[in-house]
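Worksheet: one structure, shown below.
None of the figures in this text is laboratory data; all of them are computed from the coordinates on show. From a predicted model like this one, the values you see are computed outputs, not experimental measurements. So basically every Cβ, Gly included, is an ideal-geometry build from the backbone, and we count neighbours across all protein chains shown.
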Amino acid sequence: MSATSTYDLIIIGGGINGAGIARDAAGRGLKVLLCEQNDLASATSSASTKLIHGGLRYLEQYEFRLVREALTEREVLLNNAPHIIKPLRFVLPHRKDLRPAWMIRLGLFLYDHLGGRKKLPASEGISFASHVAGAPLREDVTKGFVYSDCWVDDARLVVLNAMDARENGAEILTRTKCVGAVQRGGQWNVTLRGDADQGDRGVVGKMLINAAGPWCADLIKADGGVVQSKTTANIRLVKGSHIVVPKIFDHEYCYIFQNGDGRIVFAIPYEDDFTLIGTTDVDFNGDPSTVKIDQDEIDYLCKLASGYFKKTVSTDDVVWTYSGVRPLYAGNGDGENASKISRDYTLKLEANSGDAPALHVFGGKITTYRKLAEHALQIITDQLGRDDHPWTASAPLPGGDFPNASYDDAHSIYAKRYDWVPTKMLKRLLRLYGTRIEAILGTAKGLSDLGTCHGHDLYEAELRYLIDQEWVRDLNDLIWRRSKLGLRLTKDQQAVLKQRLAKENCTKIAAE
Ligand code: FAD
C-alpha cells in the first residue's frame, strides 16, 4: 500500500450526485477526492430518460416540494450548460378515459407557475388536425396539450461536473473502487483499489460521502458492507429501460403517452435520426452492474408506442437499448407500486461523537443534483466548521460559457470561425463540448489538420481530447457515454478503436 494522503472529503461514486458534490465542494476550497469503481456515469446517471423536468406526474402524488425545486432548476441548469441542455416542447395526447381535461389543465397551470419560468414557453391546448405533432399519431387521438421541459446529455453532465471539480483542485479517480472505510482516530481511513493491479492505496478523510447510487445501501449494510456505519436505509431498486428505434417522426416535439396502468412513457427525438422510447418501472433484485432490458419490457414499450403512433413499433425496429436502476428511498413504502415511490432525495448524516462524520445520499434525480449538492454542502460545511457559501447557481459548467447562454449565438460564432467544419460535425461538437470545442479544433485550418479519421466524423484530435481531458479509457466510455458514436461507427471501426484504447491504457499504466 502506498503513502497516505488526507482529504476534507472522500466521495464514493462518480454518478451525478457524487460528481455534483465534488464540484461544489472543490469550488469552495475543500480538498476533495472522488473514487468511481468504473467509468464516470457508468451506472444510473447515463441510463436516464435525459429530462431536466419537474415531473408532471409527481403532481398527482402531491410531491410539490420536489416538483417546485425541479422546475426551478430547469432554467438554472439551462443557463449554466446551454451546450448539453436544450429546451423541449412535450405533446400530451388527451385520453379522456385516463384523465379528464380539467385535471390536465390544472396540472399544467401549476407546472407553468410553480417554478418561476422565464425562458421556457407556457403550456397550451392543441388540435392534432392542425398541429405538426398530430401527423404521426393515430386518428383516434384528436386533441392534446403542449408544455415545456428540457433535455440533457446525462452522461456528459456528470463528466463536466467532474472536470470542473478537477479544475478546482479535486482528485478524480476512475476505475478505482472503495473496498474499505473504517473510523480511526476521528478520521476515515479509506482503502482504494484501482483496476491496474498496482496494489491498494490508503487515504484519510475528515468526512465520507456515500454517493454510490444503487450500491448505497450495500456499501453500509451491517453484514459485509465495506463502510463501517450504523445507518440503515430502506432502498428499493427499480429498473427502468429504454429502446432506440429509427425516427418515427420528423419534428422537434416530444410525446408523453399515458397508459392504462397509470404509467407514462416518453417518445423523444434522439441523435437526429432516432426516437428514444422509455421508460419501464420494474422491481430489481440483481447486481446493478449487470442490469439489462427484458423482452417483456421491449414488448411493453413497443405496444404502448404503437397504440399512439400510426406506425407500428416492433422489436425488429430496435437498434439499441439501455437500462438503469433507480435507487429509490422507500421510507415505509415497501409494498407500493414502483412508479409511486418518491423520486425525491434524502440526505442522512451520521455523526457520532468522536467519530468522523459520513453523509449518505439516497434517491434523487438528475434534475435536482445541483440542489442536492448545495444541501449536502450545507451539512458538510457545518460538520467541517466552514462557512456555507453556495456558488454553483450562476457558474457555467466547462464549455457552457456561451454568449447570452445561447446555443444559437455560439453556433453563429463558431460556424464563422471554423467554416471548414461540416455543418453536422460542428453541431455535434458544439453540443458535446461547447466552447471547449476550441481545445479540439485549436488552430486547425482544415479536416486534415485534425489527424486520422476513426470513422463517421471522429478525428484523432477529438479522441486525444477525450483521453487526456475526459477520462476515456475504453470503447464504451467513448461511444456510449462521452458521445453516442456507437449509433454511427461500424463494428470494424469500433474494434480498431477498442484496440487503440487498450494500447493507450497499457502505456499510461506502465508510465505511472
Ligand atoms: P449513479 O449514477 O448510479 O452513481 C453511483 C456510482 O457509484 C456508480 O457509477 C457506481 O459505479 C459507483 N460506486 C458504487 N459503489 C462504489 C464503490 N465501492 N467504489 C467506487 N464507486 C462506487 N432523473 C431525471 O432528473 N430525469 C430523468 O429523465 C430521469 N430518468 C430516469 C430514467 C431511469 C430509467 C432511471 C433509472 C433513472 C432516471 N432518473 C432521471 C434518475 C437519475 O438517473 C438518478 O437519480 C441519478 O442518475 C442517480 O445518480 P447517482 O449519482 O445517485 O447514482
> Using the per-residue mean of other Cβ atoms lying within 10 Å as a proxy for protection, in what order, highest first, do the peptides 406-418, 163-175, 66-78 fall?
Replying inline: 66-78, 163-175, 406-418
> In vacuo Debye scattering of region 235-329, one point per C-alpha: log10 I(q)/I(0) at q = 0.23 Å⁻¹?
Replying inline: -1.19
> What percentage of all Cα-Cα pairs in region 62-204 are separated by more than 23 Å?
Replying inline: 59
> Taking a quarter of the surface of the Cα convex hull of the chain, what do you get in nm²?
Replying inline: 24.2
> Say the dipole of region 403-511 comes from +1 at the beta carbon of Lys and Arg and -1 at that of Asp and Glu; which of ALA415, GLY486, VAL472 then lies farthest toward its positive end?
Replying inline: GLY486
> Given labels modelled 7 Å from the Cα in the Cβ direction, how far is it in nm from VAL141 to TRP391?
Replying inline: 4.6
> Given the C-alpha centroids of region 122-146 and region 25-81, what is the distance between them in whole angstrom?
Replying inline: 30
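How fast does region 403-511 diffuse by Stokes-Einstein, in µm²/s, taking the Kirkwood radius from C-alpha pairs at 4 °C and 1.567 mPa s? Please list the in-between numbers first.
Numbers: Rh = 14.7 Å.
Diffusion coefficient, whole number: 88 µm²/s.
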>> With only alpha-carbon pairs counted, each pair once and no self-pairs, how large is the Kirkwood hydrodynamic radius of region 348-397 in angstroms?
In response: 12.2
> For the charge dipole of region 229-280, defined by +1 on Lys and Arg C-beta atoms and -1 on Asp and Glu C-beta atoms about the Cα centroid, which residue among VAL265, VAL238, THR275 has the Cα displaced farthest towards the positive pole?
Replying inline: VAL238
> Based only on the alpha carbon positions, what is the Kirkwood hydrodynamic radius of region 1-95, in angstrom?
Replying inline: 16.2
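Length gain on complete extension for the stretch GLN378 to GLU460, per 0.36 nm per residue less the alpha carbon to alpha carbon distance? Write out the running numbers ahead of the final one.
Values: separation 82, 0.36 × 82 = 29.52 nm, distance 4.28 nm.
Answer, rounded to one decimal: 25.2 nm.
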>> Using the crude model of +1 on Lys and Arg Cβ and -1 on Asp and Glu Cβ, and no other charge, please compute the dipole size for the chain relative to its Cα centre, in debye to 20.
In response: 520
>> Between ALA439 and ASP218, what is the label-point separation in nm under the 7 Å Cα-to-beta-carbon projection?
In response: 3.2
>> Considering the Cα positions of region 321-466, please state its Rg to one decimal place and its Dmax as a whole number of Å.
In response: 22.2, 63
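Hey, got the dipole for region 1-149? About the Cα centre, +1 on K and R Cβ, -1 on D and E Cβ, debye to the nearest 20?
On the way: 19 positive and 15 negative charges, 79 e Å.
Roughly 380 debye, rounded to the nearest 20.
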